[in-house]
Amino acid sequence: MAYALITGGSKGIGKAIAESLAQRKYNILLVARSENLLKENAAVLEKKFGVKTDILVADVSTDDAAKKISDWCVSKNYDVSILVNNAGYGLGGAFSKLSLEEQLNMMHLNMQSLVQLTYMMIPVLKKTQGKSYILNVASTAAHQAVPFLGVYSATKAFVLSFSRAIHHELKDENISVTCLCPGPTDTNFMTRAGMNSFKNAVKQSERFNMTPEAVAEIAVKALFKGTPEIIPGGSNKAGAFFSRTLPKKLVENTLVGIYKP
């Protein structure tokens, strides 16, 4: 059986995608920083779905992480046919008041690490029998500038643009690329982003929250269909549509009312 490699696979959407792929009898490789959670998730997948698993404890945001991960796959001779670039996080607040160091680290993880791992895993994906797949996780925030999530939304716009570009470039290599743009999801995103005190944002999130499992299932189905971009949920699709068609100033002013602390 082929393997699926998932970064940020210890919880949230990454964990749910691992479960969805394991249900389809893919062996699973999980990468994240939390060894205990990785071991726990791997054990559950093996017992529940009868697949093989392995884990790599690594901080994907470090400069050498992509090489470490790709070398691990090669040294273990894993037949990796799916790469899921899920590792990432957000930071909420005014750009000038947030830590510059943490914002730069977020940019590195959300963009540079994703590009590095994609680049280094393409030769591995090419070796597999049949078709291979890449799933990059962006956000509905990719479709417009989001005040008070400015750097985060910009990183996700990069992920979306990059993913759609290489979707076309890699067709001849028999590698299909899909970009997942989820909206509010029942994960720890708001807590990690320091946004629990953002009352309007919290209300908006609670109103439209999807479960990680629902998002993952939609994403995996789109992946195997070869869809370039998938936005889970009708309200999220509508939001992205209006963000593209309404005047930018109107959209941005609306988002200020939602995300201003």
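The values are calculated or read from the model by the stated rules, or taken from the named source; none is laboratory data. This one's a predicted model, so the numbers in the text were calculated from it and none came from an experiment. Don't worry about glycine lacking a Cβ; one is built from the backbone with ideal geometry, like all the others, and counts go over all protein chains shown.
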Exercise. What are the residues in the range 70-98 that are under 17 Å from the mean Cα position of the chain (by Cα) and either hydrophobic (A, V, I, L, M, F, W, C) or surrounded by fewer than 15 Cβ atoms within 10 Å (Cβ to Cβ) (or both), if any?
Worked result: 82, 83, 84, 87, 91
Problem set entry | Matching residues in the range 227-261 - criterion: being surrounded by 15 or more Cβ atoms within 10 Å (Cβ to Cβ), aliphatic (A, V, I, L, M), in a helix (DSSP H, G or I) and out of contact with any His (no Cβ under 8 Å at 6 or more places or on another chain) | 251, 255, 258
Exercise. Can you name the condition, by its number, that residue 205 falls short on among (1) within 19 Å of residue 156 (Cα to Cα); (2) modelled with pLDDT of 85 or more?
Worked result: (2)
Exercise. Out of all the residues in the range 226-237, is one or more more than 30 Å from residue 125 (Cα to Cα), hydroxyl-bearing (Ser, Thr, Tyr) and modelled with pLDDT of 90 or more?
Worked result: yes
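What are the residues in the range 1-44 that are among the charged types (D, E, K, R) and within 23 Å of residue 181 (Cα to Cα), if any?
Across the range 1-44, the qualifying residues are 11, 15, 19, 24.
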For this session: Residue by residue through the range 206-261, note down the ones that are free of Cβ contacts under 8 Å to residues at least 60 places away in the same chain and of a type in the set (A, V, I, L, M, F, W, C).
Result: 208, 210, 214, 218, 222, 230, 238, 241, 242, 246, 250, 258
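Please specify each residue of the range 1-31 satisfying the condition of being out of contact with any strand residue (DSSP E or B) (no Cβ under 7 Å at 6 or more places or on another chain) and either in a loop (DSSP other than H, G, I, E, B) or aliphatic (A, V, I, L, M) (or both).
Taking the range 1-31 first, the residues out of contact with any strand residue (DSSP E or B) (no Cβ under 7 Å at 6 or more places or on another chain) are 11-12, 15-16, 19-20, 23-25.
Matches in the range 1-31: 11, 16, 24, 25.
Looking at this structure, is residue 192 over 23 Å from residue 249 (Cα atoms), in contact with a Gly (Cβ under 9 Å, 6 or more places away or on another chain), touching a residue at least 40 places away in the same chain (Cβ under 8 Å) and among the charged types (D, E, K, R)? Quick ask: steps written out before the conclusion?
On the way: over 23 Å from residue 249 (Cα atoms): yes; in contact with a Gly (Cβ under 9 Å, 6 or more places away or on another chain): yes; touching a residue at least 40 places away in the same chain (Cβ under 8 Å): yes; among the charged types (D, E, K, R): yes.
When the stated conditions are applied, residue 192 passes them.
Could you please find all residues in the range 5-48 being basic (Lys, Arg) and out of contact with any helix residue (DSSP H, G or I) (no Cβ under 8 Å at 6 or more places or on another chain)?
Step one: filter the range 5-48 for residues basic (Lys, Arg), giving 11, 15, 24-25, 33, 39, 47-48.
Result: 33, 39, 47.
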